[in-house]
Amino acid sequence: MEFTSLVFYIFSAIMLLAGLRVITAKNPVHAALALVLAFFTAGCLWMLLEAEFLAITLVLVYIGAVMVLFLFVVMMLDINIEEMRKGFWDNLPLAALVATLMVLEMATVLGGNRFGLIGSPTPKPADYSNTRELGLQLYTDYVYPFELAAVILLVAMVAAIGLTLRRRPGRKWVDPAEQVKVKRNDRLRLVSMAPQKPAAPKAAEEEEA
């Protein structure tokens, strides 16, 4: 077995274990760290397949943006963040393990050629475009899976909006439609009152007496 195939199987096993940990971890912080490891390992696998554009997009978009969205949803679910912060040192070993695996994976993918572990890739012509090849595969052979993934992401977005828009007892909220329909006569009333002379202070009355 070639070293490249061995690295592929190792990274695939790590990604499967990380994905399993995402759905089995009770602590949302542990699940988020496992998801970061799964995304990063998938990016390393794509770099082994010479899909650098897809790997960089996965790291920047999913790890950098989608994880922020996930943490935002976690905060909207009223999870006690203060209690989670108290267990920072409990989560540190898992975070250190994830970071170490990510560094080792990146070192294996990027430094394999220098140490002779991974053979040099076949040189591509000057007009070769990774993005163009990805687009051709995505919108021709895999157009239906791509549309299905788009629908799943749309459902996830609607579910996230539904979670944040739920009404909770004891919390004040404002209906913008009702505010727009308000008129001046509904909030302001003019009252006609006869002028009145203020009464003299009691101290002044006693001095006059």
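Any read-out appearing in this document is the output of simple, stated calculations on the displayed coordinates, not a laboratory observation. Small disclaimer: the values here were computed from a predicted structure and weren't measured. Every residue, glycine among them, receives a Cβ derived from its backbone with ideal geometry; neighbour counts consider all protein chains shown.
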Selection from 164, 182, 153, by position along the positive dipole direction of the stretch 142-183 (Cβ): 182
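Based on the mean of other Cβ atoms within 10 Å per residue, sort peptides 31-39, 130-138, 151-159 so the most packed one is first. Don't skip to the end; give the middle numbers.
Working: 31-39: 20.8, 130-138: 12.9, 151-159: 10.6.
My ranking of the peptides, most packed first, is 31-39, 130-138, 151-159.
Contour minus end-to-end for residue 68 and residue 171, with contour as 0.36 nm per residue of separation and end-to-end as the Cα-Cα distance? Please report the intermediate quantities before stating the final value.
Numbers: separation 103, 0.36 × 103 = 37.08 nm, distance 2.54 nm.
Separation in residues times 0.36 nm, less the Cα-Cα distance, equals 34.5 nm.
So how much slack lies between residue 5 and residue 199, counting 0.36 nm per residue of separation and subtracting their Cα-Cα distance, in nm? All intermediate terms of the calculation are to be shown ahead of the outcome.
Details: separation 194, 0.36 × 194 = 69.84 nm, distance 9.94 nm.
Taking residue 5 through residue 199 to full extension adds about 59.9 nm, to one decimal.
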Residue 138 versus residue 190: modelled label distance in nm, points set 7 Å from Cα along the beta carbon direction: 6.4
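Using the number of other C-beta atoms within 10 angstrom as an exposure proxy, rank 144, 139, 62 with the fewest first.
Working: 144 8, 139 11, 62 19.
Ranked by crowding around the Cβ, least crowded first: 144, 139, 62.
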Phi-based couplings in Hz for the stretch 129-141 (Karplus 6.51, -1.76, 1.60; Gly and Pro marked x): 10, 5, 5, 5, 4, 5, x, 4, 5, 6, 9, 10, 6
Order of 191, 73 - criterion: other Cβ atoms within 10 Å of each residue's Cβ, fewest first: 191, 73
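Calculated FRET efficiency, residue 57 and residue 153, Cβ-Cβ r, R0 22 Å, to nearest 0.05? Don't skip to the answer; put the middle values down first.
Working: r = 15 Å, r/R0 = 0.66.
After rounding to 0.05, the efficiency reads 0.90.
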